[in-house]
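Have a look at the structure below, then the notes.
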Amino acid sequence: MKGVILAGGLGTRLYPLTHVTNKHLLPVYDKPMVYYPIRTLVQAGITEIMIVTGGPHCGHFMKVLKNGDEWGIKHLEYAYQEKEGGIADALKLAKSFADEGPIAVILGDNTTDANIKKSVQDFKSGAVVFVKEVSDPHRFGVAVFDPKDKTKILRIDEKPKNPETNFAVTGLYIYDNKVFDYIKQCDPGYIGRGELEITQVNNFYVQEKKLTWQKLEGFWSDAGTFESLFRSNEFWAKKRAPLK
């Protein structure tokens, strides 16, 4: 399995910090933010990775990551997303890289200490989404479960004003190669943002009864807002340098 890290966007919620560099290169304790999704993939045995980036600071990645050797990556590629077209729009750039095989996809601002190696090894087909209970589900895609069978997701609601559950779909997914066909079917008007939404892709898998979910154990946080960036910094600072 290959890995894709989606690290585009302008990071406007973190202005003025992101006037200086790409959001995903900002520090989370003693490492650049993108180190954490790299760590998640490499720990799972995924060492062929593509980073999809964009914006005015995209060239900074090469200076930080170089060829990926020191990060445990055996093969590193980059793709450039020209416009702000959404997560699914960024993912479609990885089609040739995937080479018709399965891919693990993680957003570049996701930091977690969860180990997904078994999930990667056990994957056969369809899609897997990783969910986590959060206190602010309205910020995320939210999993709605079948009341008759809690092991099944009925649908995923994107940033609902009144979430039916507090289970957020984290920015970590495993897909078979069908994902690129579903991206072609995405409607930019799906939720009115003019973007190709990964939530719509996931709901296509739900409709085909080919989506499963797993609870992400341990710590997880995005780092795309000042509050979540602080939360990630605090966790990783304590984990690597415990206070005495």
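The values are calculated or read from the model by the stated rules, or taken from the named source; none is laboratory data. Being a predicted model, the structure only gives us computed values, none of them experimental. Cβ coordinates were reconstructed from backbone atoms using ideal geometry, including for glycine residues, and neighbour counts include every protein chain displayed.
Annotation note: Cβ proximity below 9 Å between a residue of segment 97-121 that is without any contact (Cβ under 8 Å) to a residue 60 or more places away in the chain and a residue that is buried (at least 20 other Cβ atoms within 10 Å of the Cβ) (sequence gap 6+ or interchain) occurs for LYS118/ALA44. Restricting segment 159-205 to residues that are among the β-branched types (Val, Ile, Thr) and surrounded by fewer than 19 Cβ atoms within 10 Å (Cβ to Cβ), the residue that is modelled with the highest pLDDT is THR165. Does LEU25 meet the test of being closer than 18 Å to THR225 by Cβ and either in contact with a strand residue (DSSP E or B) (Cβ under 9 Å, 6 or more places away or on another chain) or modelled with pLDDT of 95 or more (or both)? So LEU25 passes the test.
For GLY3, the conditions (1) out of contact with any strand residue (DSSP E or B) (no Cβ under 8 Å at 6 or more places or on another chain); (2) in contact (Cβ under 8 Å) with a residue 24 or more places away in the chain all hold with the exception of (1).
Quick test for you: out of GLY45, GLY68, GLY86, pick the one residue that is modelled with pLDDT of 95 or more and either within 30 Å of ASP122 (Cβ to Cβ) or surrounded by 23 or more Cβ atoms within 10 Å (Cβ to Cβ) (or both). Outline the logic, then answer.
Values: GLY68 fails: modelled with pLDDT of 95 or more; GLY86 fails: modelled with pLDDT of 95 or more.
Checking each option against the conditions leaves just GLY45.
Restricting the search to strands (runs of 3 or more DSSP E) fully inside segment 1-88 and requiring at least 3 residues that are within 18 Å of the chain's Cα centre (by Cα) and not aliphatic (A, V, I, L, M) gives 48-54, 75-81.
In segment 166-205, the residue that is nearest to the chain's Cα centre (by Cα) out of those that are farther than 13 Å from LYS92 by Cβ and of a type in the set (Asp, Glu) is ASP176. Consider segment 140-151 and keep the residues that are under 18 Å from LEU172 (Cα atoms) and without any contact (Cβ under 8 Å) to a residue 40 or more places away in the chain. The one that is farthest from the chain's Cα centre (by Cα) is VAL144. One residue stands out among those in segment 6-24 that are within 22 Å of ARG139 (Cα to Cα) and without any contact (Cβ under 8 Å) to a residue 60 or more places away in the chain: the one that is surrounded by the most Cβ atoms within 10 Å (Cβ to Cβ), which is ASN22. Scanning segment 211-228 for residues that are assigned to a loop (DSSP other than H, G, I, E, B) and loosely packed, with under 13 Cβ neighbours inside 10 Å yields one hit, GLY218.
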